[in-house]
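Beneath this line is the structure, given in structure tokens, with notes to follow.
The values are calculated or read from the model by the stated rules, or taken from the named source; none is laboratory data. All values reported here derive from a predicted model rather than from experimental measurement. Don't worry about glycine lacking a Cβ; one is built from the backbone with ideal geometry, like all the others, and counts go over all protein chains shown. Please note that ligands, DNA and RNA were not included when accessible areas were found on the heavy atoms of the full protein model with its side chains. Shrake-Rupley method; radii C 1.70, N 1.55, O 1.52, S 1.80 Å.
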Protein chains: 2
Amino acid sequence: MQVNGKHYRTVWLDEGIVKMINQPLIPHTFEIFESAAYEETAWAIKTMVVRGAGAIGAAAGFGVAQAALAAPDGRIAADMREAAEAKAIADEDAAACQAIGQLGAEQIDDGCRILTHCNAGWLAFVDWGTALSPVYAAKRQKKKVFVFVDETRPRCQGARLTAWELCGEGVDHAIIADNAAGFYMRKGDVHMVITGADRIAANGDVANKIGTYEKAVLAKENGIPFYVAAPTSTIDMLCPSGDGIPIEERGEDEVLCMFGLTESSELVKVRLAPQRSKAHNPAFDVTPAQYVTGIITEKGIIKPGNLKSLS
Amino acid sequence: MQVNGKHYRTVWLDEGIVKMINQPLIPHTFEIFESAAYEETAWAIKTMVVRGAGAIGAAAGFGVAQAALAAPDGRIAADMREAAEAKAIADEDAAACQAIGQLGAEQIDDGCRILTHCNAGWLAFVDWGTALSPVYAAKRQKKKVFVFVDETRPRCQGARLTAWELCGEGVDHAIIADNAAGFYMRKGDVHMVITGADRIAANGDVANKIGTYEKAVLAKENGIPFYVAAPTSTIDMLCPSGDGIPIEERGEDEVLCMFGLTESSELVKVRLAPQRSKAHNPAFDVTPAQYVTGIITEKGIIKPGNLKSLS
């Protein structure tokens, strides 16, 4: 996708160096993080220099290739094959996301106003993304589209990452407080919701960023189609329902504090809440299949109750 | 209510000086703003030094009394009466809120877990508040209560003001991202939702802080009682339904930026979003009466479809 007029993937391998867009610095600074060793690549994943299902998968693959290359027994031929396989996995991810874009764009009419939650854009994958890929495809088909960007507290991936991607691709958009999504749905201003997914259970239940469930319930209440865009690799047929998906509880500072840029361009952490207050911070929620209109995969748009048809 | 062990009202008149808790500094600094002239009192209302329906009403009443006292024709007797009337209005506000607390507390069982949105606490009124008044009453009745505090983006009145009040009164609570409210409702962790109201139409539709509608829909979907606590003065029988209530659009910086305290205790504004992104910022939304279980007033708990019984 485009950054300052140049095409970038989110993560790629360049002569043994794993290169990735340093995501915590977005939207304020665009910088490529370079990792020469698998330990450093692992650290980058852990500290969320790279984030998002597809992008993490590709970075991990490249890290394994780096580990193989670093092995002392000189198995160069095998190692080179491992690196080539990691590249193939990354290419497959990008191709699946591009197919999701083409299929999803068929659902987007000219003048469509789409609401999205969190960042399931190209920054979360190797290229194109999932929830945003249909938006980019529709835009390139010269359709007029507008995106309501849920800021997506607590980490604000919407305000930081999705908005930044949309700026790069020249897509008309407005950031809104997550609280305002229902207001615009009820007003008739939202024609469609598209989100990504971290994991989809066999029955079509969808685990995704906290708040996805809220937006899905509101979409149903207001008769608005709610699509989940994800490659078929996200579907876990061994997980019968969303009830079996554990929910990560993250640090409370993500809720009590906020990172941002001061007027003198310094990136600082500020505290919003009283020193004595605690926070709860579930990272994900589960949206039951009944709220999901369809799952946009690289193989077609599938009803959540019909995932078995894929296997 | 209690601040550092001492009782304070939010706003009061002391020998011609209007004194009020300086709310933009909460939760980081507790300071009393003093206004000696009606022009200054008007400025304090405009810049939200004082905020919330009841507190603004009382401040405005005191401001009118200040203006009368400042009149050049020396009508001292009449002026003193005006000041005494403003005090009576403030006392009435506090008494109504206290009655709301007593009535609302009857709905709160021991061990109850309550979710609230925004700040309809004593900082929004002269004393006690509305949505939080039943919580304070239940707490003083020695019931065990826990409050989920929606942080309430964009201005974070939940994280800043409600959490600070609950600290002062010693009420067990956790701040959550607004996105997590639905998660806890679906999990069965929320027994009741109580919010305030800015205006209630004759048909029971409720205008309140942006996001109230979302939480009301989610409460209904999960079979959780959704109460609105407000004095009867909030009910506008001349407004037939919520459709006639205009929604204020506030400045986009409230969404794109955030105020907070740095580690060196400096209060700064930081930007979250890309410089090129815009935001939409509706301040309020309307919750249709169908989602409201009951309206807790000083005269009793009333079904939203039954407001005419009050007149």
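Quick test of your reading of the structure: A:E169 fulfils all but one of (1) modelled with pLDDT under 95; (2) at the interface with another protein chain (Cβ under 7 Å from one of its Cβ atoms). Name the failing condition by number.
For A:E169, the failing item is (2).
Please go through region A:213-267 and pick out each residue that is at pLDDT 95 or above, within 11 Å of chain B (Cβ to nearest Cβ) and either open to solvent by less than 10 Å² (accessible area, probe 1.4 Å) or in contact with a Ser or Thr (Cβ under 7 Å, 6 or more places away or on another chain) (or both).
A:Y213, A:E214, A:K215, A:A216, A:V217, A:L218, A:A219, A:G242, A:V255, A:L256
Residue by residue, here is whether (1) within 23 Å of A:G223 (Cα to Cα); (2) open to solvent by 10 Å² or more (accessible area, probe 1.4 Å); (3) away from every other protein chain (no Cβ under 14 Å) holds:
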site: A:G101; (1), (2), (3): no, no, yes
site: A:R113; (1), (2), (3): yes, yes, no
site: A:H117; (1), (2), (3): yes, no, no
site: A:L123; (1), (2), (3): no, no, no
site: A:K139; (1), (2), (3): no, yes, yes
site: A:F146; (1), (2), (3): yes, yes, no
site: A:A159; (1), (2), (3): no, no, no
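Could you check region B:107-163 and list, in sequence order, the residues that are of a type in the set (S, T, Y) and in contact with a strand residue (DSSP E or B) (Cβ under 9 Å, 6 or more places away or on another chain)?
B:T116, B:T130, B:S133, B:T152, B:T162
Counting only residues that are farther than 15 Å from B:W164 by Cβ and among the aromatic types (F, W, Y), which one in region B:1-51 is surrounded by the fewest Cβ atoms within 10 Å (Cβ to Cβ)?
B:W43
Does A:I175 satisfy the criteria of being open to solvent by 10 Å² or more (accessible area, probe 1.4 Å) and touching a Leu at 6+ places or on another chain (Cβ under 7 Å)?
It is false that A:I175 is open to solvent by 10 Å² or more (accessible area, probe 1.4 Å) and touching a Leu at 6+ places or on another chain (Cβ under 7 Å).
For region A:281-297, what are the residues that are in contact with a helix residue (DSSP H, G or I) (Cβ under 7 Å, 6 or more places away or on another chain) and farther than 29 Å from B:P274 by Cβ?
Result: A:V286, A:P288, A:A289, A:Y291, A:V292, A:I295, A:T297.
Scan region A:247-269 for residues that are part of a strand (DSSP E or B) and of a type in the set (A, V, I, L, M) and jot them down.
If the condition is that a residue be part of a strand (DSSP E or B) and of a type in the set (A, V, I, L, M), then A:M258, A:L261, A:L267, A:V268 are the ones that fit.
Being among the hydroxyl-bearing types (S, T, Y) and in contact (Cβ under 8 Å) with a residue 24 or more places away in the chain, is that true of even one residue in region B:263-279?
Yes, region B:263-279 contains at least one residue that is among the hydroxyl-bearing types (S, T, Y) and in contact (Cβ under 8 Å) with a residue 24 or more places away in the chain.
I'd like the residue in region A:52-94 that is modelled with pLDDT under 90 and of a type in the set (D, E, K, R) and, out of all such residues, is most open to solvent (accessible area, probe 1.4 Å).
A:R81
If you go through region B:76-117, how many residues are in a loop (DSSP other than H, G, I, E, B) and at negative phi?
Result for region B:76-117: 6.
Quick one: A:K299 ticks every box in (1) in contact (Cβ under 8 Å) with a residue 40 or more places away in the chain; (2) surrounded by fewer than 16 Cβ atoms within 10 Å (Cβ to Cβ); (3) under 28 Å from B:V217 (Cα atoms) except a single one, so which number is it?
(3)
Here are some conditions: (1) open to solvent by 10 Å² or more (accessible area, probe 1.4 Å); (2) polar (S, T, N, Q); (3) at the interface with chain A (Cβ under 8 Å from one of its Cβ atoms). B:Q290 meets all but one. Which one does it not meet?
With respect to (1) open to solvent by 10 Å² or more (accessible area, probe 1.4 Å); (2) polar (S, T, N, Q); (3) at the interface with chain A (Cβ under 8 Å from one of its Cβ atoms), B:Q290 is out only on (3).
Check A:G305 against each of (1) facing another protein chain (nearest Cβ under 8 Å); (2) under 24 Å from A:A120 (Cβ atoms); (3) open to solvent by 50 Å² or more (accessible area, probe 1.4 Å) and name the one condition it does not meet.
Tallying (1) facing another protein chain (nearest Cβ under 8 Å); (2) under 24 Å from A:A120 (Cβ atoms); (3) open to solvent by 50 Å² or more (accessible area, probe 1.4 Å), A:G305 fails exactly one: (1).
Among the residues of region B:161-172, what is the count of those that are open to solvent by 10 Å² or more (accessible area, probe 1.4 Å) and closer than 16 Å to B:G104 by Cβ?
Number satisfying all stated conditions: 1.
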